[in-house]
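Everything on this sheet refers to the single structure shown next.
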There are 2 protein chains.
Amino acid sequence: MTAVDLIEKKRDGGTLSEAEIGWLIKNYTSGSVTDYQMSAMLMAAFIRGFDEAELFAWTEAMLHSGDVLDLSAVEMPKIDKHSTGGVGDKVSIPLAPMVAACGIAVPMMSGRGLGHTGGTLDKLETIPGFTTGLDPDTFARILSDTGLVLAGQSSTLVPADRKLYALRDATGTVPSIPLIASSIMSKKLAEDLDGLVLDIKVGEGAFMENQDDAHELADTMVGIGRTYELEVVALLTLMDTPLGREVGNANEIAESIAVLAGGGPDDLVEVTYALGSEMLQLAKLAGDDETARGQLRAAIDSGSAMHKFAEVIEAQGGDPRVLDDPGLLPKARYQEDLPAPSSGFVTVCDALKVGLAAMRLGAGRERKEDRIDPAVGITILAKPGDPVDAGQPLARLSFNDEGRLAMARPLLEQAFQVAAVPAARPPMILGEVRS
Amino acid sequence: MTAVDLIEKKRDGGTLSEAEIGWLIKNYTSGSVTDYQMSAMLMAAFIRGFDEAELFAWTEAMLHSGDVLDLSAVEMPKIDKHSTGGVGDKVSIPLAPMVAACGIAVPMMSGRGLGHTGGTLDKLETIPGFTTGLDPDTFARILSDTGLVLAGQSSTLVPADRKLYALRDATGTVPSIPLIASSIMSKKLAEDLDGLVLDIKVGEGAFMENQDDAHELADTMVGIGRTYELEVVALLTLMDTPLGREVGNANEIAESIAVLAGGGPDDLVEVTYALGSEMLQLAKLAGDDETARGQLRAAIDSGSAMHKFAEVIEAQGGDPRVLDDPGLLPKARYQEDLPAPSSGFVTVCDALKVGLAAMRLGAGRERKEDRIDPAVGITILAKPGDPVDAGQPLARLSFNDEGRLAMARPLLEQAFQVAAVPAARPPMILGEVRS
C-alpha cells in the first residue's frame, strides 16, 4: 500500500477500504505520509465524496489517532454541546454553567476563532487569569469537582484532526460535509460522552449556507453517533445575523454574564434554552421540554448557574469578580457609532460581513498565527426588525487602532440594510435531527 | 489573491484567469505557495480540467518561470523529438545522430527513467565517460560544433516544471492531459526550436493506454505549439510490447548502435525512420517522406550517422570506441533464460510487465532517489508473432543480484502469452496530428 495508490483510487472515484483509511491516517499522523500527499487526497475526497463506510472508517481512524478520555470516574451524565460556529455565537459560555447547575457534567473542549467566526477559548481568556490549556488530569479533576470544565482541545486527543484541520484550512478543503462531520465527531467521541447536542448554524455567517446542506451535515453526524451508540441531537439554528448584540471577545463575555443574570438578547436566550433543554433531556434529568426549561430558568433565578460559572472560573485560575463587575474585562480605548443612512426598519444585518468587520478590528484572526485584541468588537444596536430613525446608531465599533477602524467600518456599513417596510424574520430554530 | 482563493475556484469547477495562473506558478516557483497547496490545486485541476485559455496560461507561466535558451547563433534548423515514454524506447539515441548527419541541429534535453519506463540520460551515461549535465554555454557550443547535443534538462530552464513534476509524481496527479501537455511543451518551447516531432506512445506500456486519450494529448500539444508559431507533428505509435529487443540501459545503447550500423529490429527501425522523416520535412530538408527516408538511409549507409554519434560522444567526454566495440559497455555478471511454456506463437509480450521486471532487476527506479544498475536488463528473444517451440527461450534476464532476479522473473513470466494461433498485430504507427 502506498499513499499514491490510495490517492489515485479516490481521484478516480473509487472507494477506500477500512484498512486503507486506517493506514493513511496512521501514517499521516506519524508523518510518513506527507502534507502534500494528504492535501491531494483531501481534494480528491472533497470532490469525489465518501460513502457511509468510508466516513465511519475515517472517523474511527481519526478517533484512534491519539488518546481517548476516560471520564468513568465522573458520576454525573456527561453531555457536551458543539456549535459549527457563527458570528456572535457565545452560547456555550452561559449554557455550560446553566446545565451544570442542573446536574450535568460538561467536559467542554472548544476552539479558537478563525476568519469571520469567533472562538470560545479566545472569549474565555479575556477573563483575567483564566487558563484554557489544561492537562488531562486537571481537566478530569475540575470536571469532577465542579461538573464543568471549559478547555482547549488536548494535544493528545485526535492529533490527526489537529494536523488535518490546519492542512484543510490552507488548501481549500474545509467545507466538505464528510470531512467536517468526521472532524467534529472524532473529537467529541474522544471525550467519553453520554450524549451530545449539536448546534448546526445555517445562513450567510455559517459554513452551511442553506438548510439542505445543514440537514445533510446533521444527518451525517447523528449517523456517526449512532454507530458509536452515542445519542446525538442536532438543532439547525439561524445564522444570517449575529447572535445577540455583541461580536468580539470581552464584550461577548459581558453579554454571556447578562444571560446568566437573567437578561440578554432574546435570540441568544432562545437558542441557549433550546440547546439546554435538549441536554437535560438527553441526560434524563428532564422528561420533556417544559420541565427542562423550568429547570434552566430556576438555575438562572436561584443564581446557581452564575455560581457554577464563578466556580469554574476560579478552578481555571480566573478572577470571578468579573461576574459582578464586567468593567474588569479588557476595554477598547475608542468607540465610534455607525448611523442609520435613512429612517425605516433594519431588514438585513449580515452576519458574515459583521464577522469580517470584527476580524478587521482585531477581534479575530485572518491567519491562525495572528494575535487577537481581546478588547475590540462590534455592538449591534439595531437588529433586523428594529425601527430606526435616520442618523440613529445601527452599531458601535470599539477599537484601539484607527487603521483597523478604517478597514472595518466600510464592511460594517455594507452589512446593514434599512427599508421602509420590515421584512419577515424566519424562526431561530429551523429544524432538528435526532438519533 | 491567495492560494486558497484560487484552489477553491478550481475545486468548484471555475476557470482561472491568466493573471491568477501566472501568480500561482510564480509564487510556487519561489516557494511562497507551498507544496501542499499546489498538490490540492493539481488534484482539483486533474479532476475539473483546464479550458484552452487556462492551458495556454499555465504553459506560458511555466515557460517563463526560468530562462529560455537563445540558440539564434545556430544556423541549421533546430528540430527536437520528444517521446511520452515507453519500454525499450531508445529511438532518440540512433535518431538524433541520423537527422544531425542530414543537416538538422538537435538540441535534445532528455530525462531519467522512473517506474517501468527508461530514460535516455541513464542509457547514454552507460557509455564510459559520457556526461549529460552541461551548462548552457557548453550545451550551445556542442550544438553549434556538432549539430547535436544530448543533455539533461538545465536547472535554469522551466524550474516550475521540475518542482511540479516531482510533486505530481508523489501525489497521483501525473496522467492528466493538460498537465502532461503543458509540462512537455513548456520545456520544448524553452529550447528555442524551429520544429518539434512528438512520439505519443499508446498502449499498456505508455501513459496513454488508448488511442482517444493519445489523440487528445497530441491535439493539445499541437494546439499549444500553434499559439507559439512552433510547427509540431505528433505521431501516435504502438507501445503494447517493448520497442526493439533490448530493455535496460547499456543493452539499449548496443541496440541503438546496431541501428546506426544499418541493422536493428524492424519495429525500432520503423519508428526511427518515421520520426526522422517528419523531422527532415519540418526542417525543409526534404520535400516528402520518400526523399526524407532516402536521406536517412544514406546517412546510415555512408557511415555519417555513426560518425555524428562518435563526434557527440567525444564532445560530451565519452569514449567513442564503444561504437566499434560494444563490449566496452557495462556487462551483467549472470544471465538466465525464460523458456516458452508451450509451442505455438507469442501473442503477448506486455510492455508494462517487462518494464517493471527490468526495474526490479535494477535497470529502472521505483523512486526518484534510487540508483540504477547500468548493466542489467532484459533481452526479448521472441516477440509477438514469432513462432516458438516449448522450452525455447522467450527472453534473457541479465542480472547482478539473485534477489533481484527472484523478484523480476515471475513478472517477466506473466508478461508473455503463447498460443496455438498467431494474433494479428496492429501497425506501429497508429495515427498522426499536425499543426
For chain A, the charge dipole (Cβ of Lys, Arg +1; Cβ of Asp, Glu -1; about the Cα centre) points to a positive end, and the Cα of A:Gly385, A:Tyr228, A:Phe50 closest to that extreme belongs to A:Gly385
Pseudo-spin-label distance B:Ala53 to B:Arg293, built 7 Å along Cα→Cβ, given in nm, is 4.6
homo-copy label distances at A:Ser435 (7 angstrom along Cα-Cβ), nm, one dp, ascending, are 7.0
Expected field for A:His64, accessible surface area in Å² at 1.4 Å probe radius, rounded to 10, holds 110
Magnitude of the Cβ-charge dipole (Lys and Arg +1, Asp and Glu -1) of the range A:332-419 about the Cα centre, nearest 20 debye, reported as 280
Heavy-atom accessible area with a 1.4 angstrom probe orders B:Cys102, B:Cys349, most exposed first, as B:Cys102, B:Cys349
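Can you quote the Å³ per residue value for the convex hull of the Cα atoms in the protein assembly as shown, rounded to an integer?
Details: hull volume 167.9 nm³, N = 870.
Residue-normalised Cα hull volume stands at 193 Å³.
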Taking every alpha carbon pair in the range B:71-202 and sorting the distances into 5 angstrom bins from 0 up to the bin holding the longest one, the percent per bin comes out as 2, 10, 20, 24, 22, 14, 7, 2, 0
Residues whose modelled amide H sits under 5 Å from the amide H of B:Thr237, counting only those 5 or more places away in sequence or on another chain, are B:Ile200, B:Lys201, B:Val202, B:Leu430
Under 11 Å by backbone N from the virtual spin label 7 Å along Cα-to-Cβ at A:Arg434, the residues of the range A:279-318 are A:281-282, A:288-289
at B:Gly391 the sorted inter-copy label distances (label 7 Å from Cα on Cβ side), in nanometres, are 11.3
Note, B:Ile21: beta-carbon cut-off 9 Å, +1 each Lys/Arg, -1 each Asp/Glu, net -4
Highest GNM mean-square fluctuation among A:Phe207, A:Phe399, A:Phe345, for chain A with Cα springs under 10 Å, belongs to A:Phe345
Hull volume per residue for the range A:3-49, using the convex hull of the C-alpha atoms, in Å³ is 60
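Strictly over 21 Å apart at the Cα level, which of A:Lys9/B:Lys123; A:Lys26/A:Lys81; A:Lys353/B:Lys10; A:Lys123/A:Lys308 would you flag in this model?
Values: A:Lys9/B:Lys123 33 Å; A:Lys26/A:Lys81 28 Å; A:Lys353/B:Lys10 24 Å; A:Lys123/A:Lys308 18 Å.
A:Lys9/B:Lys123; A:Lys26/A:Lys81; A:Lys353/B:Lys10, as the Cα separations exceed 21 Å there.
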Over chain B, with neighbouring protein chains present, the accessible area per residue in Å² at probe 1.4 Å is 37
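For the range B:188-285, with only Lys/Arg (+1) and Asp/Glu (-1) charged at the beta-carbon, what is the dipole magnitude about the Cα centre, in debye rounded to 20?
Values: 5 positive and 20 negative charges, 58 e Å.
It comes to approximately 280 debye.
Between exposed GluC sites (Glu not before Pro) in chain B, where DSSP calls loop and at most 14 other Cβ atoms lie within 10 Å, what's the longest gap? Spell out each step's value before the answer.
Details: sites that count: B:Glu75, B:Glu229, B:Glu366, B:Glu369.
After excluding every exposed loop site, the longest remaining stretch is B:76-228.
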About its Cα centre, the range B:281-332 carries a charge dipole, from +1 on Lys and Arg Cβ atoms and -1 on Asp and Glu Cβ atoms, whose size in debye to the nearest 20 is 80
Per the charge dipole of the range A:79-326 (beta-carbon charges, Lys/Arg positive, Asp/Glu negative, Cα centre), the residue among A:Val322, A:Met108, A:Gly88 reaching farthest to the positive end is A:Met108
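For Cα pairs less than 8 Å apart in space and 6+ apart in sequence, what is the mean separation divided by the residue count of the range B:165-275, i.e. the relative contact order in percent? Before the final figure, lay out the partial values.
Details: 115 pairs, mean separation 27.1, N = 111.
Here the relative contact order equals 24 percent.
If eta is 1.306 mPa s and T is 10 °C, what Stokes-Einstein diffusion coefficient results for the range B:79-326, Kirkwood Rh from Cα pairs, in µm²/s? Kindly include the intermediate steps, with their values, before the conclusion.
Working: Rh = 18.0 Å.
This corresponds to a translational diffusion coefficient of 88 µm²/s.
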Residues whose modelled amide H sits under 5 Å from the amide H of B:Ser83, counting only those 5 or more places away in sequence or on another chain, are B:Asp199
Amide H contacts under 5 Å for B:Arg245, restricted to residues at least 5 apart in sequence or on another chain and with H modeled in the peptide plane, are none
With the charge dipole of the protein assembly as shown built from beta-carbon charges (+1 for Lys and Arg, -1 for Asp and Glu) about the Cα centre, the Cα from B:Ala19, A:Thr126, A:Leu282 projecting farthest to the positive end belongs to A:Thr126
Computed, not fitted: 222 nm per-residue ellipticity of chain B from DSSP H runs ≥ 4 (each -39500 (n - 2.57)), nearest 500, equal to -14000 deg cm²/dmol
Rg/Rh over Cα atoms for the range A:332-419, Kirkwood Rh, comes to 1.00
Rh (Kirkwood, all Cα-Cα pairs) for chain A, Å, reads 22.2
Counting only protein heavy atoms with a 1.4 Å probe and every protein chain in place, the carbon and sulfur fraction of the accessible surface of the range B:1-147 in whole percent equals 47
Taking the label point 7 Å from Cα along the Cα-Cβ vector, the copy-to-copy distances for A:Ser30, listed from shortest in nm with one decimal, are 3.9
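The values are calculated or read from the model by the stated rules, or taken from the named source; none is laboratory data. Only a predicted model underlies this, so the values are computations on that prediction, with no experimental measurement involved. Neighbour counts run over all protein chains shown; Cβ positions are idealised from the backbone, glycine included. Note: areas computed on protein heavy atoms with side chains; ligands, DNA, RNA excluded. Shrake-Rupley method; radii C 1.70, N 1.55, O 1.52, S 1.80 Å.
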